[in-house]
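Working notes for the structure below.
The values are calculated or read from the model by the stated rules, or taken from the named source; none is laboratory data. From a predicted model like this one, the values you see are computed outputs, not experimental measurements. Positions of Cβ are generated from backbone atoms using ideal geometry, with glycine treated the same way; all protein chains shown enter the neighbour counts. Just the protein is used for accessible areas: all its heavy atoms, side chains included, with ligands, DNA and RNA removed. Shrake-Rupley method; radii C 1.70, N 1.55, O 1.52, S 1.80 Å.
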Amino acid sequence: MPDSFNPSARSRLRRLPKRGHYDRATVYAILDAGFICHVGYAIGGQPYVTPTAYWREQDAVYWHGSAASRMLRALEAGADCCLTVTHLDGLVFARSAFHHSLNYRSAMLFGRARKIEGAAEKLAKLEAFVERMYPGRWPELRPVSAKELKATTVLGMHIDEASAKIRSGGPVDDEADYALPLWAGVIPVHGAAGKPEDDARLVKAAKMPAALADLAHLGLRKR
């Protein structure tokens, strides 16, 4: 497997190409830092973009949902798909409205998804999904029922074509504007997790596992 993607006409960045990245390490780091993606597709010529949870395993991304989902049904039938993930890292204040910006990391993937058919493979993918977001949680849970498994569709898409775009650093103003007596700079933006809240119907014997207090695996800060 090559270390970088070979950009095509649809994945090569045209606007500010210097911000483009095509190496797998950069693309995968952006994917692994997120939990929500946006899946773009078309049904009958009408474009749709659906937000959904996702996870990556090696060179493929997966997402799941109701077996009755129109989006999943369209994609399992072989529709072209565009999957994107974006992280906001900062608000960039310039000395003119034109040069105000955002610091961000984004990844865009193109391909066609396949439906995970076998019950054993589907269950393994759902376990990977739970363990991706809640490490150590799967063995503690009630086993997935046959009804739940049947009602769930899991799709996977091999990452054959992808690109990343990243903006970082401070504002880039017109040279003459640097003399203006205006504040300029960056306000960093970080994800943060709050204090856990017990479910209202929690039984007395149920205690929150100590491992859940460590949110480092989520890439989040504690508030």
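So, of the residues in the range 37-59 that are closer than 24 Å to VAL27 by Cα and among the aliphatic types (A, V, I, L, M), which turns out to be least open to solvent (accessible area, probe 1.4 Å)?
The extreme case among them is VAL39.
Select from the range 105-120 the residues that are assigned to a strand (DSSP E or B), out of contact with any Asp or Glu (no Cβ under 6 Å at 6 or more places or on another chain) and open to solvent by less than 60 Å² (accessible area, probe 1.4 Å) and write down the one among them that is nearest to TYR41 (Cα to Cα).
Ranking the qualifying residues of the range 105-120, first place goes to LEU109.
Give the residues of the range 139-155 that are in a helix (DSSP H, G or I) and at pLDDT 95 or above, sorted by residue number. Spell out the reasoning first.
As a first pass, look at the range 139-155 and keep what is in a helix (DSSP H, G or I): 139-140, 146-150.
Those that are in a helix (DSSP H, G or I) and at pLDDT 95 or above: ALA146, LYS147, GLU148, LEU149, LYS150.
Pull out all pairs, ordered by first then second residue, where Cβ-Cβ is under 6 Å, the residues are six or more apart or on different chains, the first lies in the range 189-211 and is closer than 30 Å to VAL92 by Cβ, and the second is modelled with pLDDT under 85 and loosely packed, with under 10 Cβ neighbours inside 10 Å.
Note: pairs meeting the criteria are ALA192/ARG223; GLY194/ARG223.
Limited to the range 75-104, what total is found for residues that are surrounded by 16 or more Cβ atoms within 10 Å (Cβ to Cβ), closer than 30 Å to ASP23 by Cα and not hydroxyl-bearing (Ser, Thr, Tyr)?
Here the count works out to 12.
Scan the range 167-223 for residues that are open to solvent by 70 Å² or more (accessible area, probe 1.4 Å), at pLDDT 95 or above and within 28 Å of THR26 (Cα to Cα) and jot them down.
Selection gives SER168, VAL172, ILE187, PRO188.
Given (1) free of Cβ contacts under 8 Å to residues at least 40 places away in the same chain; (2) hydroxyl-bearing (Ser, Thr, Tyr); (3) surrounded by 14 or more Cβ atoms within 10 Å (Cβ to Cβ), where does TYR62 come up short, assuming only one miss?
Here TYR62 clears every test but (1).
Residue under question is ARG70, and the condition is that it be open to solvent by 60 Å² or more (accessible area, probe 1.4 Å) and of a type in the set (D, E, K, R); does it hold?
So ARG70 fits the description; yes.
Among all residue pairs at least 6 apart or on different chains, which show Cβ distances below 9 Å where the first residue, located in the range 7-26, is closer than 16 Å to LEU83 by Cα and the second is part of a loop (DSSP other than H, G, I, E, B) and among the basic types (Lys, Arg)?
Correct list of pairs: TYR22/ARG12.
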